[in-house]
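The values are calculated or read from the model by the stated rules, or taken from the named source; none is laboratory data. Keep in mind it's a predicted model, so treat the numbers as computed, not measured. Because the Cβ atoms are built from the backbone with ideal geometry, glycine has one as well, and the counts that use them run over all protein chains shown.
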Amino acid sequence: MLSARTARFFGYYPGTVALVTAEHSGTRNVLSVGWHTALSADPPLYGVAVGRERGSHPLIVQSGHFGVNFLPFAAAQAVQGAGVLSLHDAPQFDKLARLGLTTLPGSPLAVTQAYLHYRCEVVDVVRTGDHDLFVGRVSDVHFDPAHYDAEGLFAGEAAVYLGRSAYVTTTRERQVFLPGDFA
């Protein structure tokens, strides 16, 4: 196996990009986040890494809440746009509306176009270099059943980020491995 060295770190791609939503005192924002992960099942905890210079950072700190939204491949342009457009550049415009995104009635952090949404209450903030890892307790989950099969497995087409503004999608082709396959 050949190996190469580089100062650039792209080894965490491909992966899904979550849209993190935040709202405080009438200001709302949406941000694309590539660094996110489930942290615990009991209690249900989810973490998102947000740069301290991002417009969403103070909204999350001040409100104590954030949303995590996963959008299908058909919405990849909005996912990319949420990372390119900045609340700092035009604080008067509604970034969600500009990207054609809406939220569920009564759930302002849940993006309607998402196949999966977590509402999280901040329980910890871990300083990690140039980002803060917001640890959120999942308090609400919404999902679109059209994107899941009868067994509850994802059956949609996720937007998978390759890096450098490039996306691909999952396919419906699956291979399932059973414990006996390794005997």
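The one condition from (1) aromatic (Phe, Trp, Tyr); (2) modelled with pLDDT of 95 or more; (3) assigned to a loop (DSSP other than H, G, I, E, B) that residue 13 does not meet is (2). The listed residues are 55, 26, and the only one of them that is over 22 Å from residue 116 (Cα atoms), modelled with pLDDT under 95, more than 14 Å from the chain's Cα centre (by Cα) and crowded, with 16+ Cβ neighbours inside 10 Å turns out to be 55. When residues in region 115-144 are screened for being assigned to a strand (DSSP E or B), small (Gly, Ala, Ser) and more than 18 Å from residue 30 (Cα to Cα), 1 of them pass. Once region 137-165 is narrowed to residues that are among the small types (Gly, Ala, Ser) and in contact with a Pro (Cβ under 9 Å, 6 or more places away or on another chain), the residue that is farthest from residue 117 (Cα to Cα) is 163. Evaluate the following for residue 82: is it free of Cβ contacts under 8 Å to residues at least 60 places away in the same chain and outside any strand (DSSP E or B)? Taking the combined requirement at face value, the residue does not satisfy it.
How many residues are among the charged types (D, E, K, R) and either closer than 15 Å to residue 73 by Cα or touching a Leu at 6+ places or on another chain (Cβ under 7 Å) (or both) when one looks only at region 126-160? So the answer is 3. Restricting region 60-90 to residues that are farther than 14 Å from residue 19 by Cβ and in contact with a Lys or Arg (Cβ under 9 Å, 6 or more places away or on another chain), the residue that is surrounded by the most Cβ atoms within 10 Å (Cβ to Cβ) is 65.
Inclusion of residue 109 among residues that are assigned to a loop (DSSP other than H, G, I, E, B), within 22 Å of residue 49 (Cα to Cα) and either touching a strand residue (DSSP E or B) at 6+ places or on another chain (Cβ under 6 Å) or touching a residue at least 24 places away in the same chain (Cβ under 8 Å) (or both) is not warranted. Among the residues of region 145-164, those that are surrounded by 14 or more Cβ atoms within 10 Å (Cβ to Cβ) and outside any strand (DSSP E or B) comprise 147, 155, 156, 157. If the requirement is being touching a Phe, Trp or Tyr at 6+ places or on another chain (Cβ under 9 Å), modelled with pLDDT of 95 or more and of a type in the set (Gly, Ala, Ser), which of these qualifies: 114, 159? On inspection, the qualifying residue turns out to be 114. Looking across region 165-183, the residues that are within 26 Å of residue 35 (Cβ to Cβ) and not in a loop (DSSP other than H, G, I, E, B) come down to 166, 167, 168, 169. I'd like the residue in region 90-114 that is of a type in the set (S, T, N, Q) and out of contact with any Ser or Thr (no Cβ under 8 Å at 6 or more places or on another chain) and, out of all such residues, is nearest to residue 26 (Cα to Cα). If we take residues in region 90-114 being of a type in the set (S, T, N, Q) and out of contact with any Ser or Thr (no Cβ under 8 Å at 6 or more places or on another chain), then 92 is nearest to residue 26 (Cα to Cα).
Checked against (1) of a type outside the set (A, V, I, L, M); (2) surrounded by 15 or more Cβ atoms within 10 Å (Cβ to Cβ); (3) touching a helix residue (DSSP H, G or I) at 6+ places or on another chain (Cβ under 8 Å); (4) at pLDDT 95 or above, residue 95 meets all criteria but (4).
Going by the conditions given, is residue 122 among the aliphatic types (A, V, I, L, M) and modelled with pLDDT of 95 or more? Spelling it out, residue 122 is indeed among the aliphatic types (A, V, I, L, M) and modelled with pLDDT of 95 or more.
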